[in-house]
1. Which residues in the range B:49-72 place their backbone N less than 17 Å from a point set 7 Å from the Cα of B:V13 along the Cα-to-Cβ direction?
2. Over the alpha-carbon set of the range B:4-66, divide Rg by the Kirkwood Rh and report the Rg/Rh ratio to two decimals.
3. Would you tell me the mean number of C-beta atoms belonging to other protein chains that fall within 10 Å of each C-beta in B:80-91, as a whole number?
4. Please arrange A:R112, B:R55, B:R61 by counting, for each residue, the other beta carbons lying within 10 Å of its beta carbon, fewest first.
5. Average projected area of the Cα convex hull of chain B, in nm²?
6. Suppose a student asked you for the relative contact order of chain B, using Cα pairs under 8 Å spaced at least 6 residues apart; what percent would you report?
7. Using alpha-carbon pairs under 8 Å, 6+ residues apart, how would you state the relative contact order of the range B:29-86 in percent?
8. Under 16 Å from the Cα of A:K27, which lysines turn up, not counting those fewer than eight places away in the same chain?
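Only the coordinates and a few stated rules stand behind these numbers; no lab work does. Being a predicted model, the structure only gives us computed values, none of them experimental. Using ideal geometry, Cβ is built from the backbone for each residue, glycine included, and neighbour counts are taken over all protein chains shown.
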Amino acid sequence: NAGVMQNPRHLVRRRGQEARLRCSPMKGHSHVYWYRQLPEEGLKFMVYLQKENIIDESGMPKERFSAEFPKEGPSILRIQQVVRGDSAAYFCASSPGQRRGGTEAFFGQGTRLTVV
Amino acid sequence: KQEVTQIPAALSVPEGENLVLNCSFTDSAIYNLQWFRQDPGKGLTSLLLIQSSQREQTSGRLNASLDKSSGRSTLYIAASQPGDSATYLCAVDDMRFGAGTRLTVKP
């Protein structure tokens with residue numbers, strides 16, 4: 001059972017381009033969480049999704065950022081018209097069910113986005 | 001809104017020492033709490049998950065306790081080793097994290 005897979009591991013984009021970050025949860029996991037981490041800082045919650053539903057997007061910037069978790073395929077975090085301030089490590093985690101059901105969550109290795 | 005705080009922000013100890021990391025949360029009505037470690041430039045590794053009905057969990061040299069009524073959890077590391085050097089983070093329920101404690105164990 002492979003762990004949470006994120007790709008690409010490293011992504012370089014020029015200002016104004018789009019960045020698409022992918023997260024394949026562990027097999028059997030239907031809940032995905034996305035985080036952003038700036039250098040030397042903590043994890044900032046962005047969005048929590050269940051398959052085909054956004055449960056909580058309270059940490060997501062209102063503009064340029066979107067996330068989806070379709071019925072089939074990975075979860076996608078999309079950043080449109082990237083700016084230098086978007087440079088960060090983006091992590092996703094997955095769990096098999098609601099955390100309130102006492103399920104354990106596991107993280108991917110992250111995607112490091114650099115905007116030049 | 002749940003707030004999670006970790007104290008201290010950084011800790012440096014000599015090898016072999018026992019140590020305690022703290023995690024506090026403002027809303028005691030949690031369902032579970034999970035401890036992670038993060039090595040520099042890496043993702044997070046799950047260490048221990050404590051459900052609300054449990055008071056502690058143990059894995060090797062690690063022991064995590066949970067006191068819901070006081071809104072606190074502690075992670076106890078016995079006989080620390082240089083390989084334990086990392087940032088330790090706690091998360092409650094829907095994956096709300098504290099800022100972490102950066103631990104350095106000196107040989």
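1. Answer for the range B:49-72: B:57-66.
2. Values: Rg = 12.9 Å, Rh = 13.4 Å.
So for the range B:4-66, dividing Rg by the Kirkwood Rh gives 0.97.
3. Values: counts 0, 0, 0, 0, 0, 0, 0, 2, 0, 2, 0, 6.
Going residue by residue through B:80-91 and averaging, the value is 1.
4. Working: A:R112 17, B:R55 10, B:R61 13.
Least to most surrounded, the residues fall as B:R55, B:R61, A:R112.
5. Details: hull surface 24.8 nm².
Average of the hull's projected areas for chain B equals 6.2 nm².
6. On the way: 269 pairs, mean separation 40.4, N = 107.
Once divided by the residue count of chain B, the mean separation gives 38 percent.
7. Numbers: 86 pairs, mean separation 15.1, N = 58.
Relative CO of the range B:29-86 lands at 26 percent.
8. Excluding near neighbours in sequence, the set is A:K51, A:K71.
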